[in-house]
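> Just passing along the structure, written as structure tokens.
The values are calculated or read from the model by the stated rules, or taken from the named source; none is laboratory data. Remember, it's a predicted structure, so these values are computed and weren't measured experimentally. Neighbour counts are summed over all protein chains in view; Cβ atoms, including those assigned to glycine, are modelled from backbone coordinates with ideal geometry.
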């Protein structure tokens, strides 16, 4: 499809706005950082490609390492990476043939590479990776090994946003994975041309793709808009910011739309509250549409919903009926029926939930219904565009204390260090933000193995997701945050048990394990 239009003032203005935003990003100096880690993964894939085409004995290990790195960096979804890696065990010859077709040194078209790759894969693998957009993402992640600067990553949600913002035009509705990817590459070429005409130099498609990803495919005028559109449906940029798979965020979004109430549960330090706020702000399109409250043992219905508060009336002490954060959030949501609003309840299980929610138990289950409030005796309803995200620290109190009446009104999403996508989150972060400190992820994994008898005692990654993390910072965090928490969880088990969590001891153990693994490979 040729999308080069001439004499179109609307399109020219769209490119002006789009590239103005791109220039701000490039001028910030972040482009090189954004591209460097992609080149690193591309280098791993290039090494795997050479081994595959040379039929070297180590092609299997190099390929597994490259795919794992790609999944950890959220280039392809970890589940799709697992499908391919599992296929190596059951169908090594077929996988090798498919990769040789994709990565061939012969002069063949991109479409021929892509189509032959999918045809060569066993149905038990290709059947689990369905949809042209998903398939284009997977194949683009592998094509980075061909030439990362010319074959950058593809993700349909981000690019569709960019197509719309620039008046470029989306691909045909029946486009297959090859056509989707070719359309994306053509758009990046056009972006480079338009940018050059406006004094912005982008050296190759990787630069163009990195700018599109980092700016979410938007123009500067889109920032902070609240037009009732689900801004968060483009989760690619947020996924990169949070180091979480895009599918995980999209699943949460689907759950909150279906039941309107979701709870994130897991040990401390797993990012539950941070993700809740970031996700809510992205979907709502404005911080002003997100209300944050924190429950605690003394929190009551009068604090949360509505109650009488002491005030001075004509200089005399008295009481006045005042709304709590729930009623205020509901009123604001009702005033903007076309926009999504969120109430984020931190530490939801630390309050006496039956006491705090009162008659709201009914409204949580029957959205759209009305019920009289106990103080004002007036009908009240929860607006359908008010969504609730709660966070539950499972190390604080047993989740059994959350009664079944409440549990059936919420979907529960697990945030746990030994389960994806939280598993591997710290390693992904350190690789990007603190290169050379990835050993800390091994130490935390080792400590959590020692805590496996009490999975709610696991050490979350957030402790160490700090900018400019170094060994001195790690020691401070470990000594004054992690160890006191661990000591409390191990109370009564003796000093010897706590000694197992000495930082230097753990580091020596993971170093020895790595050396043994290297010697046995």
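> Can you tell me which residue among 480, 485 is without any contact (Cβ under 8 Å) to a residue 24 or more places away in the chain and over 23 Å from the mean Cα position of the chain (by Cα)?
It is 480.
> Out of all the residues in segment 415-437, is one or more touching a strand residue (DSSP E or B) at 6+ places or on another chain (Cβ under 6 Å) and touching a residue at least 40 places away in the same chain (Cβ under 8 Å)?
Within segment 415-437, one or more residues are touching a strand residue (DSSP E or B) at 6+ places or on another chain (Cβ under 6 Å) and touching a residue at least 40 places away in the same chain (Cβ under 8 Å).
> Give the residue that is nearest to residue 245 (Cα to Cα), with candidates limited to residues of segment 427-473 that are outside any helix (DSSP H, G or I) and touching a helix residue (DSSP H, G or I) at 6+ places or on another chain (Cβ under 6 Å).
Only one residue fits best here, namely 465.
> Please enumerate the residues belonging to segment 261-305 that are on the phi > 0 side of the Ramachandran plot and either part of a strand (DSSP E or B) or more than 20 Å from the chain's Cα centre (by Cα) (or both).
Within segment 261-305, just 266 meets the criteria.
> Within segment 289-317, how many residues turn out to be free of Cβ contacts under 8 Å to residues at least 12 places away in the same chain and surrounded by 11 or more Cβ atoms within 10 Å (Cβ to Cβ)?
1
Rundown of residues vs (1) under 30 Å from residue 389 (Cβ atoms); (2) surrounded by fewer than 18 Cβ atoms within 10 Å (Cβ to Cβ); (3) more than 29 Å from the chain's Cα centre (by Cα), yes/no style:
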| position | (1), (2), (3) |
| --- | --- |
| 407 | yes, yes, no |
| 440 | yes, no, no |
| 456 | yes, no, no |
| 462 | yes, no, no |
| 505 | no, yes, yes |
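> Another one. Within 30 Å of residue 237 (Cα to Cα), in a helix (DSSP H, G or I) and over 25 Å from the mean Cα position of the chain (by Cα): does that describe residue 51?
No, not satisfied.
> Residues that are at positive phi and at pLDDT 90 or above: does segment 231-254 have at least one?
Within segment 231-254, none of the residues are at positive phi and at pLDDT 90 or above.
> What's the number of the condition residue 361 fails, among (1) buried (at least 21 other Cβ atoms within 10 Å of the Cβ); (2) under 18 Å from residue 411 (Cα atoms); (3) modelled with pLDDT under 90?
Going through (1) buried (at least 21 other Cβ atoms within 10 Å of the Cβ); (2) under 18 Å from residue 411 (Cα atoms); (3) modelled with pLDDT under 90 one by one, residue 361 breaks only (1).
> Sticking with this one: May I ask you to list the residues in segment 75-95 that are part of a loop (DSSP other than H, G, I, E, B) and over 18 Å from residue 130 (Cα atoms)?
91
> Using the structure shown, decide if residue 352 is free of Cβ contacts under 8 Å to residues at least 60 places away in the same chain and over 30 Å from residue 448 (Cβ atoms).
Yes: the conditions hold for residue 352.
Each row is one residue, and each column tells you yes or no for (1) buried (at least 18 other Cβ atoms within 10 Å of the Cβ); (2) within 26 Å of the chain's Cα centre (by Cα); (3) not in a helix (DSSP H, G or I).
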position	(1), (2), (3)
170	no, yes, yes
180	yes, yes, no
186	no, no, no
191	yes, no, no
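> Among the listed residues 425, 498, 490, identify the single one that is surrounded by fewer than 18 Cβ atoms within 10 Å (Cβ to Cβ) and at negative phi.
The unique qualifying residue is 498.
> Still on this model: Report every pair of residues separated by at least 6 positions or lying on different chains whose Cβ atoms are under 6 Å apart, first residue within segment 382-395 and outside the structural domain of residue 349 (by TED's automatic domain parsing), second surrounded by fewer than 24 Cβ atoms within 10 Å (Cβ to Cβ) and outside any loop (DSSP other than H, G, I, E, B).
none
> So for segment 493-500 (the condition being under 18 Å from residue 271 (Cα atoms), in contact (Cβ under 8 Å) with a residue 24 or more places away in the chain and either assigned to a helix (DSSP H, G or I) or not assigned by TED's automatic domain parsing to the domain that holds residue 268 (or both)), does at least one residue qualify?
no
> What number of residues within segment 149-158 are assigned to a loop (DSSP other than H, G, I, E, B) and farther than 23 Å from residue 40 by Cα?
Count: 0.
> Follow-up. For residue 64, are the conditions met, namely being surrounded by fewer than 20 Cβ atoms within 10 Å (Cβ to Cβ), touching a helix residue (DSSP H, G or I) at 6+ places or on another chain (Cβ under 9 Å) and in a helix (DSSP H, G or I)?
Judged against the criteria, residue 64 is a match.
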